[in-house]
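Working notes, structure below.
The values are calculated or read from the model by the stated rules, or taken from the named source; none is laboratory data. Since this is a predicted model, take the numbers as computed values, not measurements. Counting neighbours? That spans all protein chains shown, and the Cβs are built from the backbone with ideal geometry, glycine included. Protein only, heavy atoms only, side chains kept; ligands, DNA and RNA dropped before computing areas. Shrake-Rupley method; radii C 1.70, N 1.55, O 1.52, S 1.80 Å.
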Amino acid sequence: MKIVDSIAGLRAQVAAWRAGDGRAGDGRAGDGRVGNGRVGGDRVALVPTMGALHEGHVSLVEAARKHAGRVVVSIFVNPTQFAPHEDFDRYPRDLQADAAKLGGGTDLIFAPTVREMYPDGFATTVSVGGPSEGLETDFRPHFFAGVATVVAKLLVAAMPDVAVFGEKDWQQLQVIRRLVADLALPIEIVGAPIMREADGLAMSSRNAYLKPGERAVAGRMNVILREARDPGAAKQALLDAGFDSVDYVAVRDAITLGPASSGPKRILAAARIGGTRLIDNMEFAHA
Ligand code: AMP
């Protein structure tokens with residue numbers, strides 16, 4: 001597994017794949033198989049992550065493979081999307097375990113340092129309105145500016161044909177679609193379904209924080225959302241199930257995340273148990 005930590009190294013590898021000569025790569029000829037008009041060159045997919053990889057991340061890589069001959073996974077715990085009191089310092093980091101988890105399905109890991117992504121004097125913030133407003137932003141006000149800034153930087157660094165994001169972070173997915181549309185980046189954004197544990201708990205790197213009793217409670221969230229008809233009742237059901245507090249349960253327009261309209265709707269929730277904050281969402285098919 002090739003790992004690069006510099007933007008220059010990432011660009012050199014992507015350029016070699018696009019040229020179809022495998023220069024900086026493994027000597028494999030370009031596949032040119034997806035009809036991208038670049039004869040001999042590979043299409044490239046990017047899967048941005050913060051590491052601590054699980055089957056949810058692996059499913060994104062598998063989705064990426066369907067769209068491109070080459071898959072880059074970025075692993076970067078992005079400090080600008082964490083508030084000072086959040087879990088940036090304790091967020092799990094193990095690059096070798098992540099590389100092993102990815103196995104052969106990934107061509108390159110891009111694992112930059114904080115300094116590479118945010119060099120001295122860094123002073124740019126990408127701020128997306130629209131779908132960023134409300135929900136996560138009400139409880140993590142700096143979150144989407146951090147996400148949008150780092151994702152914009154990762155996309156411009158890799159310039160992939162396709163980037164894959166999980167529906168687990170539904171609001172984030174809509175924010176990134178908005179960002180890419182507004183900046184007219186020539187990159188297709190693919191959303192991949194939520195991977196769940198046997199009891200339906202959405203897989204998350206943060207599930208590792210859960211103590212056994214908390215883990216059982218956590219598994220109730222998806223059931224409560226699936227059965228919900230009314231967000232107020234669902235909020236109470238989460239508290240009754242043992243969550244310490246509920247940041248929000250809301251039914252919104254699935255794309256704009258504004259008030260639910262006649263179009264597709266989504267129920268989204270965030271709740272806390274012990275020191276862990278969990279989120280989930282799913283289609284809301286009720287009137
Ligand atoms: P993270 O490393 O948690 O920032 O997540 C990186 C990417 O993986 C994001 O696009 C997430 O939405 C996605 N992801 C995380 N957990 C899951 C899951 N259980 N199922 C599908 N995608 C996921």
Which one of these is in contact (Cβ under 8 Å) with a residue 24 or more places away in the chain and out of contact with any Asp or Glu (no Cβ under 9 Å at 6 or more places or on another chain): Arg226, Arg277, Arg266, Arg272?
Arg226
Does Gly129 qualify as being assigned by TED's automatic domain parsing to the domain that holds Gln13 and either touching a Gly at 6+ places or on another chain (Cβ under 6 Å) or within 14 Å of the ligand (Cβ to nearest atom) (or both)?
no
For Ala260, indicate whether it is under 21 Å from Gln172 (Cβ atoms), at pLDDT 95 or above, open to solvent by 30 Å² or more (accessible area, probe 1.4 Å) and touching a Lys or Arg at 6+ places or on another chain (Cβ under 7 Å).
yes
Name, by its number, the condition in (1) within 16 Å of the ligand (Cβ to nearest atom); (2) of a type outside the set (A, V, I, L, M); (3) more than 15 Å from the chain's Cα centre (by Cα) that does not hold for Phe139.
(1)
Can you name the condition, by its number, that Leu225 falls short on among (1) buried (at least 20 other Cβ atoms within 10 Å of the Cβ); (2) closer than 30 Å to Ala158 by Cβ?
(2)
Can you pull out the helices (runs of 4 or more DSSP H) entirely within the range 54-151 that have at least 3 residues that are within 21 Å of Phe165 (Cβ to Cβ)?
55-65, 95-102, 136-139
Cβ pairs under 6 Å, 6+ apart or interchain, first in the range 42-70 and within 15 Å of the ligand (Cβ to nearest atom) and open to solvent by less than 20 Å² (accessible area, probe 1.4 Å), second of a type in the set (Ser, Thr, Tyr) and not in a helix (DSSP H, G or I), ordered by first then second residue, are Val61/Thr106
Can you tell me which residue within the range 175-217, out of those that are within 14 Å of the ligand (Cβ to nearest atom), in a helix (DSSP H, G or I) and within 16 Å of Ala269 (Cβ to Cβ), is most open to solvent (accessible area, probe 1.4 Å)?
Arg206
